[in-house]
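The values are calculated or read from the model by the stated rules, or taken from the named source; none is laboratory data. Remember, predicted model here, so these are calculated numbers, not experimental data. Here Cβ is always computed from backbone atoms with ideal geometry, including for glycine, and neighbour counts include all displayed protein chains. Heads up: the accessible areas ignore ligands, DNA and RNA and are worked out on the full protein's heavy atoms, side chains in. Shrake-Rupley method; radii C 1.70, N 1.55, O 1.52, S 1.80 Å.
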Amino acid sequence: MMGVLVSISCTTPKNISYFQDTYNGQVARIAYSQGIKLKPGDMISIVVKSKSVELTNALNLPVTTQIIGAPEETSLRQSQGVGGYTLDHDGNIDFPLVGSIHVAGKDKSEVASTIKQILKDQQIATDAVVTVEYINLNYAVMGEVKEPGKFPFNKEKISILEALSTAGDMTIYGRRDSVVVWRENEGQRQIYVVSILNGNELINSPAYYLQQGDIVYVQPNNYRKRQSRANGNEVLTGSFWLSAISVLTTLGVLLFK
């Protein structure tokens, strides 16, 4: 029994420690450094500021709420917030004073530059300052992590390591060698399996930086799987064997006393 315990304790760190192939001073290039690119169905906010107050008001989409039961002239109320634009199935948005603008395949800084250039070219606003933010973009982390859930993109790029950290990191029962990332792209589902044990393999994976809608799944290790099977069969549990040994020891003492 002692030999088995020693064997387990010696091999466990090989399946636990991250980035086992890295060394001090190592420099490696990230193979897929692309951040978020907008897709149909995504929602963004666009704020345009100009020296002209009238033009600023015309170019910003206000948040309008309807008050049920109020008189018609007061039933619509506009807040000081800015409404969102949802990309249609062609990846376009309908922008005030401009019309349809294709923004799919762009990140938020590229969308801002595109709108600013259109406003300048059409002589609508030559001094416009355009700010674009993501609204409904998120990713999910599930499986053997401490705090599974859905999390928003709060910046342009979020790596799988940051996603795992946000979810409280893996539990001791999570498989570090095969973390699964589910991604939907243009109607197709792509599945990537990455190892956190190997730093070079990780940064060379297309799943190193997450995309909107990605699902990160940390698989259970064999120990956790055995625990799951043991729930329906007490013979497999450690507590059963400890109890059995205790009973046999007591019986032995009583019989041979």
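Remarks
- Whenever a residue of the stretch 204-227 is closer than 16 Å to GLY143 by Cα, its partners that are part of a loop (DSSP other than H, G, I, E, B) and of a type in the set (Phe, Trp, Tyr), lying with C-beta atoms within less than 6 angstrom and at least six residues away or across chains, give the pairs PRO220/TYR173; ASN221/TYR173; ARG224/TYR173.
- Flag if ILE124 is outside any helix (DSSP H, G or I), over 28 Å from the mean Cα position of the chain (by Cα) and either modelled with pLDDT under 90 or surrounded by 12 or more Cβ atoms within 10 Å (Cβ to Cβ) (or both): yes
- Restricting the stretch 103-130 to residues that are out of contact with any Asp or Glu (no Cβ under 9 Å at 6 or more places or on another chain) and among the β-branched types (Val, Ile, Thr) leaves a set whose member that is nearest to LEU38 (Cα to Cα) is VAL111.
- Single residue of the stretch 127-137 satisfying the filter (touching a strand residue (DSSP E or B) at 6+ places or on another chain (Cβ under 8 Å) and assigned to a loop (DSSP other than H, G, I, E, B)) that is nearest to ILE44 (Cα to Cα): ILE135
- Within the stretch 138-147, one or more residues are open to solvent by 30 Å² or more (accessible area, probe 1.4 Å), part of a strand (DSSP E or B) and closer than 20 Å to PRO40 by Cα.
- Checklist (1) within 22 Å of ASP127 (Cα to Cα); (2) surrounded by 16 or more Cβ atoms within 10 Å (Cβ to Cβ); (3) at pLDDT 90 or above applied to VAL82, failing item: (3)
- Search result, residues across the stretch 83-115 that are of a type outside the set (Asp, Glu), in a strand (DSSP E or B) and in contact with a strand residue (DSSP E or B) (Cβ under 7 Å, 6 or more places away or on another chain): GLY84, TYR85, THR86, ASN92, ILE93, PHE95, SER100, ILE101, HIS102
- Listed conditions (1) among the hydrophobic types (A, V, I, L, M, F, W, C); (2) modelled with pLDDT under 70; (3) under 21 Å from the mean Cα position of the chain (by Cα) are all met by LEU242, apart from (3).
- Restricting the first member to the stretch 32-50 and to residues that are aromatic (Phe, Trp, Tyr), and the second to residues that are at pLDDT 90 or above and open to solvent by less than 50 Å² (accessible area, probe 1.4 Å), the beta-carbon pairs closer than 9 Å and six or more apart or on different chains are TYR32/SER205; TYR32/PRO206; TYR32/ALA207; TYR32/TYR208; TYR32/TYR209.
- The test for being assigned to a helix (DSSP H, G or I) and free of Cβ contacts under 8 Å to residues at least 40 places away in the same chain holds for ILE118.
- Exactly one residue among ASN92, ASN60 is on the phi < 0 side of the Ramachandran plot, over 29 Å from the mean Cα position of the chain (by Cα) and at pLDDT 55 or above, and that residue is ASN60.
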